[in-house]
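All remarks here apply to the structure that follows.
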Amino acid sequence: MPIKEDATRVAALLSGDVDMIAPVAPNDHKRLQKAKNIDLVTLPGTRIITMQLNQNSNEALKDVRVRQAIVHAINNEGIVKKIMKGFATTAGQQSPAGYAGHNPELSPRYDLKKAKALMKEAGYENGFTLSMIAPNNRYVNDAKIAQATASMLTKIGIKVDLKTMPKAQYWPEFDLCSADMLMIGWHSDTEDSANFSEFLTMSRDEKTGRGQYNCGHYSNPAMDKMVEAANVETDSAKRSQMLKNVEATLYNDAAFVPLHWQNLAWGAKSNVQIKPIVNAMNFPYFGDLVVK
């Protein structure tokens with residue numbers, strides 16, 4: 001049963017109308033923890049939440065210095081702390097810790113002073129205008145995150161025309177790459193680093209499907225070759241280094257804006273034993289569910 005509003009979803013669980021809910025928004029965790037005969041189960045997640053920078057629709061975004069300025073202007077640690085209530089992991093890259101391509105050297109890089117200097121160096125000291133779209137019922141706090149991001153960009157002179165919409169309307173707009181900045185979250189269904197690049201950052205290719213969701217229209221043939229080479233490398237250590245190099249290239253090119261990896265939370269009646277069936281892939285194994 002789809003229940004769009006976070007508070008309504010929690011109320012349905014507490015009133016007994018439903019037996020299990022997901023997700024539980026960070027603001028509601030304490031409420032469920034205090035409730036009798038209700039269990040809250042949380043796990044670190046591996047879904048990256050990002051903003052893509054559409055180089056085809058906005059000339060300014062073709063300049064790597066502008067893209068770097070945008071990345072430096074967005075305080076994703078602040079977003080995690082204030083909007084996500086700490087229930088997320090701040091990201092500086094696509095690959096979460098534990099994945100082959102995770103590069104520990106690539107940390108979040110909020111630095112407003114540097115962002116302003118990069119804008120000036122690129123010739124955009126007075127800023128410019130860009131459009132942004134985001135869903136308002138797909139990711140945890142997605143609309144609030146987009147609003148915060150837009151507000152942060154005003155500090156380096158970028159005026160944002162933000163539109164948020166339900167996911168049913170959002171994905172057709174995203175498929176058209178119809179804005180300069182677009183939110184997308186991605187979980188690697190193969191639990192592998194290369195999956196992120198194959199769909200999000202490789203050059204768009206209709207024949208192969210590579211870059212299918214790359215609305216940034218970022219294209220780096222050298223990076224494409226690195227991913228392809230990694231996919232046929234059987235030495236795990238060599239492959240890991242290749243994928244780390246891919247992440248470093250994306251980081252230096254500011255190919256997209258990494259925000260955070262979204263943590264996971266489920267709520268259920270205590271007689272519905274959900275802890276053994278939930279997992280970081282966010283695909284609960286209902287075949288193994290025990291109800292007392």
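The values are calculated or read from the model by the stated rules, or taken from the named source; none is laboratory data. Keep in mind that what you see is a predicted model, and the values were worked out from it rather than measured. With ideal geometry, Cβ positions are generated from the backbone for all residues, glycine too; neighbour counts draw on all protein chains shown.
Quick rundown of the values:
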item: Test result for Ala230, more than 23 Å from Ala88 (Cα to Cα), loosely packed, with under 15 Cβ neighbours inside 10 Å and of a type outside the set (Ser, Thr, Tyr); result: no
item: Residues within segment 102-145 that are closer than 28 Å to Trp171 by Cα, in a helix (DSSP H, G or I) and charged (D, E, K, R), tallied; result: 2
item: Count of residues meeting criterion [in contact with a Lys or Arg (Cβ under 7 Å, 6 or more places away or on another chain) and of a type in the set (Val, Ile, Thr)] in segment 108-149; result: 2
item: Near pairs, Cβ below 6 angstrom, 6+ apart or cross-chain, from segment 49-69 (in the same structural domain as Ala91 (by TED's automatic domain parsing) and among the polar types (S, T, N, Q)) to any residue that is surrounded by fewer than 20 Cβ atoms within 10 Å (Cβ to Cβ) and in a helix (DSSP H, G or I); result: Gln55/Lys62
item: Filter result for the condition that a residue is surrounded by 22 or more Cβ atoms within 10 Å (Cβ to Cβ) and at pLDDT 95 or above, over Leu32, Leu61, Leu14; result: Leu61
item: Matching residues, segment 215-243, being under 30 Å from Ala146 (Cβ atoms) and either in contact (Cβ under 8 Å) with a residue 24 or more places away in the chain or in a helix (DSSP H, G or I) (or both); result: Cys215, Gly216, His217, Tyr218, Asn220, Met223, Asp224, Val227, Leu243
item: Inter-residue pairs, beta-carbon under 9 Å, first in the same structural domain as Ala230 (by TED's automatic domain parsing) and over 18 Å from Trp261 (Cβ atoms) and in segment 188-210, second β-branched (Val, Ile, Thr) and not in a loop (DSSP other than H, G, I, E, B), 6+ apart; result: Glu198/Val227; Met202/Val227; Arg210/Val227
item: Residue list for segment 64-104, filter: of a type in the set (Asp, Glu) and surrounded by 18 or more Cβ atoms within 10 Å (Cβ to Cβ); result: none
item: Scope segment 269-292; condition under 21 Å from Lys85 (Cα atoms) and among the aliphatic types (A, V, I, L, M); matching residues; result: Ala280
item: Check on Asn271, within 26 Å of Asn137 (Cβ to Cβ), surrounded by fewer than 21 Cβ atoms within 10 Å (Cβ to Cβ) and polar (S, T, N, Q); result: no
item: Neighbours by Cβ (under 8 Å, 6+ apart or cross-chain): first from segment 109-127, of a type in the set (S, T, N, Q); second assigned to a loop (DSSP other than H, G, I, E, B); result: Asn126/Gly157
item: Residue within segment 152-163 that is at pLDDT 95 or above, of a type in the set (S, T, N, Q) and surrounded by 16 or more Cβ atoms within 10 Å (Cβ to Cβ) present; result: no
item: Breaking point among (1) touching a Lys or Arg at 6+ places or on another chain (Cβ under 9 Å); (2) surrounded by fewer than 15 Cβ atoms within 10 Å (Cβ to Cβ), for Tyr170; result: (2)
